[in-house]
Amino acid sequence: MLIDSHCHLEYKGLVEDQQGVLDRARAAGIGGFLNISTRQREWDQVIATAAREEHVWASVGIHPHEADAHADLGAAVLLEAAAHPKVIAIGETGLDYFYDHSDRATQQALFRTHIAVARETGLPLIVHTRDAEEDTARIIAEEAEQGAFPALIHCFTASAGFARQMLDLGLTISLSGIVTFKNAKDLQAIAAELPEDRLLVETDAPFLAPVPHRGQVCEPAFTADTARFVAGLRAVAPEALAEVTTRNFFRLFTKAAA
């Protein structure tokens, strides 16, 4: 069994045939799904899907693109939403300086709010970072000094140096279909060497469809293609990689295991 540790089941391209999407994924061996929110108005929907579907879980959080629209979001609102039995993660949150859709200081402040909630609840923090390695690493390190919190870098595309920093801070790293792209040689080298117990796989569906599905709407079923490719990079059987990443998922997301 594999788990898609990051997908957006409420997004256009998936939500129109959500049951079919889940059925196709389950037929492909995907046994669990973490349905990610990026805006407060999505929380009720992602939670409702998780409540309805077995082995679908939800996150609550604000994507850095949406930080300006949620600048006044306090920890109390996140804490209240996180109390739902099927909410197992905080995020996605983080920093995105590639698009700069929101003010950088606002992104950073909201990132710290999410970290405080992850620390208080014990729910893992799902981190998005793009063109913001230095500030992401600095904030995570500063916050770790204030008290430990579980976290992962989702859809990892950063440098080997950043990967080492995150691993040293205790984070997990999740690989998406980007690792299968022909121009992703540096990422493939990192994927081959990641510690076995810090590795997850995801789709970020409906985005970033892996080879051989490039150009298509990405579906959670394609987790199997990414996992198969990563297994090849690491010279292990796909079944072994599935076992490892599923075990890692439940070790990190302890609320799902419970």
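Brief remarks follow.
- For region 146-258, a/c is not less than 1.5, where a ≥ b ≥ c are the root eigenvalues of the C-alpha gyration tensor, and a/b tops b/c. That puts it in the prolate class.
- Prolate is the label for region 1-136, because the ratio a/c of its alpha-carbon gyration tensor axes (a ≥ b ≥ c) is 1.5 or higher and a/b is greater than b/c.
- Cα-projected label distance for Y99 with D17, points at 7 Å along beta-carbon direction, nm: 2.5
- Around the Cα centre of the chain, unit charges on the Cβ atoms of Lys, Arg, Asp and Glu (plus for the first two, minus for the last two) sum to a dipole of about 560 debye.
- Among G161, A184, P124 the positive-end extreme of the charge dipole of the chain (Cβ point charges): A184
- Only one residue of A28, M1, A67 has its Cα farthest out toward the positive end of the dipole of region 1-117, where Lys and Arg carry +1 and Asp and Glu -1 on Cβ, and that residue is M1.
- Hz values of 3J(HN,Hα) by residue in region 87-98 - Karplus curve (6.51, -1.76, 1.60), Gly and Pro given as x: 8, 10, 8, 10, x, 7, 9, x, 9, 9, 9, 6
- Taking a ≥ b ≥ c as the square roots of the eigenvalues of the alpha carbon gyration tensor, region 182-233 is prolate, as a/c is not under 1.5 and a/b beats b/c.
- Using a Gaussian network model of the chain in which every pair of alpha carbons under 10 angstrom is joined by a spring, one finds that among E54, E66, E145 the greatest mean-square fluctuation is at E145.
- Sorting M166, M1 from the fewest to the most surrounding beta carbons within 10 angstrom yields M1, M166.
- Region 47-108 and region 149-227 have Cα centres separated by 20 Å.
- Max mean-square fluctuation residue, GNM over the chain, Cα-Cα springs under 10 Å, options H114, H65, H154: H65
- A convex hull fitted around the alpha carbon atoms of the chain yields 113 Å³ per residue.
- Cα→Cβ-extended label distance, 7 Å offset, between H55 and E120, nm: 3.4
- Stretchable slack from R251 to A28, in nm (0.36 nm times residue separation minus alpha-carbon distance): 78.0 nm
- Phi to ³J(HN,Hα) by Karplus 6.51 cos²θ - 1.76 cosθ + 1.60 over region 11-24, Hz, x for Gly, Pro: 7, 4, x, 10, 5, 5, 9, 4, 5, x, 4, 5, 4, 5
- Among A192, A224, A58, the largest mean-square fluctuation in a Gaussian network model of the chain, built with springs joining Cα atoms closer than 10 Å, belongs to A192.
Where a number appears in this text, it was derived from the coordinates with a stated rule and is not lab data. Note that the coordinates shown come from a computational prediction; the quantities given were computed from them, not determined experimentally. Using ideal geometry, Cβ is built from the backbone for each residue, glycine included, and neighbour counts are taken over all protein chains shown.
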